[in-house]
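Data first, discussion second: the structure below is written as structure tokens.
The values are calculated or read from the model by the stated rules, or taken from the named source; none is laboratory data. Because the structure is a prediction, the values reported are computed rather than measured. Quick reminder, even Gly has a Cβ in these numbers, built from the backbone with ideal geometry, and neighbours come from all protein chains shown.
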Amino acid sequence: MTPTIYIPTLRAGERLATTLAALAEQEPRPNVVVADNSEEGLGAALVRERFPWAEALAFGENLGFGRALNRAVRERPAELIVFLNDDVTVEPGFVAGLLEVLDDDVTMVAAVLLRERERERIDSAGVIADRTLLGFDYLNAEPATALAGAADPLGPTGGAALYRHDAFVAVGGFDERIFLYYEDLDLALRIRERGGRCRLAPNARGLHAYSETLGANSARKYEMTGWSRGYMLRAYGFGKHPLLLARAVTAEAAICAGQLIRERTGAGLRGRLRGWREGRDAPRRPLPSAGLSAMSLRAALALRFRRHTT
């Protein structure tokens, strides 16, 4: 069964060209749909001129990550859907590695992203979360050898993920209120709530240029991640769970303080407050009954700190 790979892009350019060139070498070569969020149709022009075997959907505006992919899947549906960032260069055997772990009980597959500048070190092998839904890249900064015998994550990272179409559609796809960041964690939680399972695919690997679009420590990224965090806390009803909310507020206060000290920006705090306010009308989701990490607050903050210092 040949999957379709959907690639959201805003800037297109040589990063996207490198991604497409690597996919052209896959056996079997997948179907590819570029979800072009640029106003100028940059991705569509690149596909037309240099990669005519692929397809592009030009939206004429930046719809955001989840909304663009939802639309691409609706317009070009496939039984197996794969999402791939445009700053990922897949290694040989990427598609085969995804398919080799897929069985009847698996609804999501997490590929492995290695650091472009440290190719023997993991950037992400999926997503995990603590009890407050604070999300982390699974096995981040660990050596690639850690993949041997590793447990499955909560869900795949949106930058390199396979989903069964029926499972994706059954939960309504990505929440389109989330413009960018945390939409993959939210999707995984909703699929798991319906009985879905994720499997790690250690042989499906790609090299990732981390945060190419907004920059790893930019105020804009802090604002958008903060909005998504505040929104999810509201959407998952943390206001009705005082102890969990207190832990979440403590963690978020520490994170925002770190951003203020290191980067001299309060954008993350502003984003969280705005996300919480705007999440008041979001459909309420049940708190997950399983699959979350029991890590302590100290351990969660240590993981967050390591993400920004390694």
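Go through the stretch 230-253 and count every residue that is among the aliphatic types (A, V, I, L, M) and under 18 Å from Ala299 (Cβ atoms).
Going through the stretch 230-253, the residues among the aliphatic types (A, V, I, L, M) turn out to be 232-233, 235, 243-246, 248-249, 251, 253.
Applying the additional criterion that residues be under 18 Å from Ala299 (Cβ atoms) yields 243-244, 246, 248-249, 251, 253.
The qualifying residues number 7.
Of the residues Ala167, Ala125, which single one is in contact with a Pro (Cβ under 7 Å, 6 or more places away or on another chain), assigned by TED's automatic domain parsing to the domain that holds Ile81, of a type in the set (Gly, Ala, Ser) and modelled with pLDDT of 95 or more? Spell out the reasoning first.
Details: Ala167 fails: in contact with a Pro (Cβ under 7 Å, 6 or more places away or on another chain).
Just a single option satisfies the conditions, and that option is Ala125.
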Looking at (1) modelled with pLDDT under 95; (2) hydroxyl-bearing (Ser, Thr, Tyr); (3) touching a Ser or Thr at 6+ places or on another chain (Cβ under 7 Å), which one does Tyr182 not meet, given that it meets all the others? (1)
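Tell me which residues, restricted to the stretch 11-29, are part of a loop (DSSP other than H, G, I, E, B) and buried (at least 22 other Cβ atoms within 10 Å of the Cβ). Break it down into steps so the answer makes sense when it comes.
So the first thing to find is which residues in the stretch 11-29 are part of a loop (DSSP other than H, G, I, E, B), and the list is 11-12, 25-29.
Matches in the stretch 11-29: Ala12 only.
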Selected residue (criterion: farthest from Leu187 (Cα to Cα)) from residues of the stretch 253-309 that are in contact with a Leu (Cβ under 6 Å, 6 or more places away or on another chain) and touching a residue at least 40 places away in the same chain (Cβ under 8 Å): Ala254
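Conditions (1) surrounded by fewer than 20 Cβ atoms within 10 Å (Cβ to Cβ); (2) under 30 Å from Ala78 (Cα atoms); (3) not assigned by TED's automatic domain parsing to the domain that holds Thr132, marked per residue:
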position: Leu154; (1), (2), (3): no, yes, no
position: Arg177; (1), (2), (3): no, yes, no
position: Leu185; (1), (2), (3): no, yes, no
position: Glu193; (1), (2), (3): yes, yes, no
position: Trp227; (1), (2), (3): no, no, yes
position: Ala235; (1), (2), (3): no, yes, yes
position: Gly239; (1), (2), (3): yes, no, yes
position: Ala246; (1), (2), (3): yes, no, yes
Looking only at the stretch 240-297, and only at residues there that are of a type in the set (Lys, Arg) and in a helix (DSSP H, G or I), the one that is nearest to Leu133 (Cα to Cα): Arg247
Can you tell me which residues in the stretch 42-78 are farther than 16 Å from Gly173 by Cβ and of a type in the set (S, T, N, Q)? Asn62
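Just the residues that are part of a loop (DSSP other than H, G, I, E, B) and touching an Asp or Glu at 6+ places or on another chain (Cβ under 6 Å), please, taken from the stretch 77-126.
Kept after step one, since they are part of a loop (DSSP other than H, G, I, E, B), are these residues of the stretch 77-126: 77-79, 85-87, 91-93, 101-107, 116-120, 125-126.
Listed by number, the list holds a single entry, Asp87.
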Considering only residues that are of a type in the set (A, V, I, L, M, F, W, C) and outside any loop (DSSP other than H, G, I, E, B), look in the stretch 213-227 and name the one that is modelled with the lowest pLDDT. Ala219
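Only residues that are part of a helix (DSSP H, G or I) and of a type in the set (Val, Ile, Thr): list them for the stretch 127-170, please. Outline the logic, then answer.
Initial filter on the stretch 127-170 (part of a helix (DSSP H, G or I)): 144-147, 165-170.
If the condition is that a residue be part of a helix (DSSP H, G or I) and of a type in the set (Val, Ile, Thr), then Thr145, Val169 are the ones that fit.
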Result of the Cβ filter at 9 Å on the stretch 93-110, keeping first residues that are modelled with pLDDT under 95 and partners that are in a strand (DSSP E or B), at least 6 apart or interchain, is Asp103/Arg199; Asp105/Arg199
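Condition check ((1) over 19 Å from Thr4 (Cα atoms); (2) surrounded by fewer than 20 Cβ atoms within 10 Å (Cβ to Cβ); (3) aromatic (Phe, Trp, Tyr)) across all residues:
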position: Arg119; (1), (2), (3): yes, yes, no
position: Gly126; (1), (2), (3): yes, no, no
position: Asp166; (1), (2), (3): no, yes, no
position: Gly173; (1), (2), (3): no, no, no
position: Ala188; (1), (2), (3): yes, no, no
Say whether the condition of being free of Cβ contacts under 8 Å to residues at least 24 places away in the same chain, of a type in the set (Asp, Glu), in the same structural domain as Arg11 (by TED's automatic domain parsing) and surrounded by fewer than 17 Cβ atoms within 10 Å (Cβ to Cβ) is met by at least one residue in the stretch 53-71. no
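Looking at Asp87, is it over 20 Å from the mean Cα position of the chain (by Cα) and among the acidic types (Asp, Glu)?
Working: over 20 Å from the mean Cα position of the chain (by Cα): no; among the acidic types (Asp, Glu): yes.
No; evaluated as a whole, the condition is false for this residue.
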